[in-house]
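The values are calculated or read from the model by the stated rules, or taken from the named source; none is laboratory data. If you're wondering where the values come from, they're calculated on a predicted model, not measured in any experiment. Cβ placement follows ideal geometry from the backbone for every residue including glycine, while neighbour counts extend to all protein chains displayed.
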Amino acid sequence: MHHLLVRVFIFFLSFGSYIHAGMLDKYADTDYLPEIENRINHLIEKIDQSPGEPWLLFLDIDETMISNLQWLSSERNFKVSLEEFDKYVIQERGEAISSVLRLYHIALSRGYPVIVATGRIPQQRPMTLAVLKKAGYEKIDKVFFKPEDKPVEQFKSKVRCEFADRGFAVINVGDQLSDMLGGCATISLKLPNPFYKTGYMFSEI
C-alpha cells in the first residue's frame, strides 16, 4: 500500500495583483527569487527537526532546479507554447535557482539520495542532463522523464510512491500543482510560479 502523505508543507503566494495589472516583470525582478529562498529556508528548518528520517530529495526541473526566467521574460514576453519550449530545451539553456541548488548540496552532504522527475520527455534527456550539469547539479541518483502517453501528475506520483514504498521519507519540491498531487511524500513544498502552468500548453495563469 502506498504511503499516505504524513506532513504537508506547501506555500501559496497570491499573484493576482501582478497578473491582472500586467506586472510580471516587476514581480520577477523584486519578489520571485526571494520568495523561493524564503520557502527553501523554511523547508530546511523543517527537515532539521527530524534528523533521523531516511530522507530522499525529490525534485522537479523547470522553475524548480532550473530557472527559464530570462528566456520567458526577454524573448517570449511570458507567452510560450509547448512547441516553443521544445525548441528552447534543445539549446541547453537555463540557470540554477541558487536556493534550490543550496538545498541540493545540503542533501548531498548529508547522504540523501537525489531523484529528479520531470515533465520533459525521454528524447530531451541528453540536453536536459547537460544543462543540469552546467548549472551545478552534477550528481543525481536518477532522472525520470515523463512518458508521452501519461499525465505528469500520474507519472510523478508513481515514481514518488516507488521510493516511499522502499522506506524513504520523500522531500518533494516542485513549482506546479501537478507536482503536489498523488501523495507519497513526507514533506511537499510548492515553489511559486506565476508565469505558466503545465498541462495547459504552458498557458498563462
May I ask you to say which residue of F195, F202 is buried (at least 21 other Cβ atoms within 10 Å of the Cβ), at pLDDT below 95 and more than 13 Å from the chain's Cα centre (by Cα)? F195
Residues of segment 93-111 being crowded, with 20+ Cβ neighbours inside 10 Å and not in a helix (DSSP H, G or I), in sequence order, are G94, I97
Filter result for E153 (part of a helix (DSSP H, G or I), without any contact (Cβ under 8 Å) to a residue 12 or more places away in the chain and surrounded by 14 or more Cβ atoms within 10 Å (Cβ to Cβ)): no
Taking first residues from segment 67-93 that are more than 24 Å from E37 (Cα to Cα) and second residues anywhere that are of a type in the set (D, E, K, R) and assigned to a loop (DSSP other than H, G, I, E, B), the pairs with Cβ under 8 Å that are 6 or more apart or on different chains are K79/E204; E84/R76; V89/R120
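Results for (1) among the basic types (K, R); (2) under 22 Å from R160 (Cβ atoms); (3) in contact with a helix residue (DSSP H, G or I) (Cβ under 7 Å, 6 or more places away or on another chain), shown as yes or no for each residue.
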| residue | (1), (2), (3) |
| --- | --- |
| I97 | no, yes, yes |
| S109 | no, no, no |
| R120 | yes, yes, yes |
| L132 | no, yes, no |
| E138 | no, no, no |
| D141 | no, yes, no |
Among the residues of segment 112-131, which ones are of a type outside the set (V, I, T), touching an Asp or Glu at 6+ places or on another chain (Cβ under 6 Å) and surrounded by fewer than 15 Cβ atoms within 10 Å (Cβ to Cβ)? A130
Being under 22 Å from E37 (Cα atoms), among the basic types (K, R), without any contact (Cβ under 8 Å) to a residue 60 or more places away in the chain and assigned to a helix (DSSP H, G or I): is that true of K158 here? no
Unmet requirement for G183, which otherwise passes all of (1) surrounded by fewer than 24 Cβ atoms within 10 Å (Cβ to Cβ); (2) part of a loop (DSSP other than H, G, I, E, B); (3) modelled with pLDDT of 90 or more: (3)
Whichever residue in segment 132-150 is touching a residue at least 40 places away in the same chain (Cβ under 8 Å) and farther than 24 Å from E83 by Cα and, among such residues, is surrounded by the most Cβ atoms within 10 Å (Cβ to Cβ): Y137
With the requirement that a residue be buried (at least 17 other Cβ atoms within 10 Å of the Cβ), at pLDDT below 90 and over 19 Å from V131 (Cα atoms), what does segment 34-77 give you? R76
Checked segment 161-180 for anything part of a loop (DSSP other than H, G, I, E, B) and either in contact with a Gly (Cβ under 9 Å, 6 or more places away or on another chain) or closer than 19 Å to S67 by Cβ (or both); matches are D175, Q176
Residues located in segment 78-92, provided they are surrounded by 15 or more Cβ atoms within 10 Å (Cβ to Cβ) and closer than 17 Å to V131 by Cα: F85, Y88, V89, E92
Condition met for R125 (in contact (Cβ under 8 Å) with a residue 40 or more places away in the chain, under 24 Å from Y112 (Cβ atoms), part of a helix (DSSP H, G or I) and among the basic types (K, R)): no
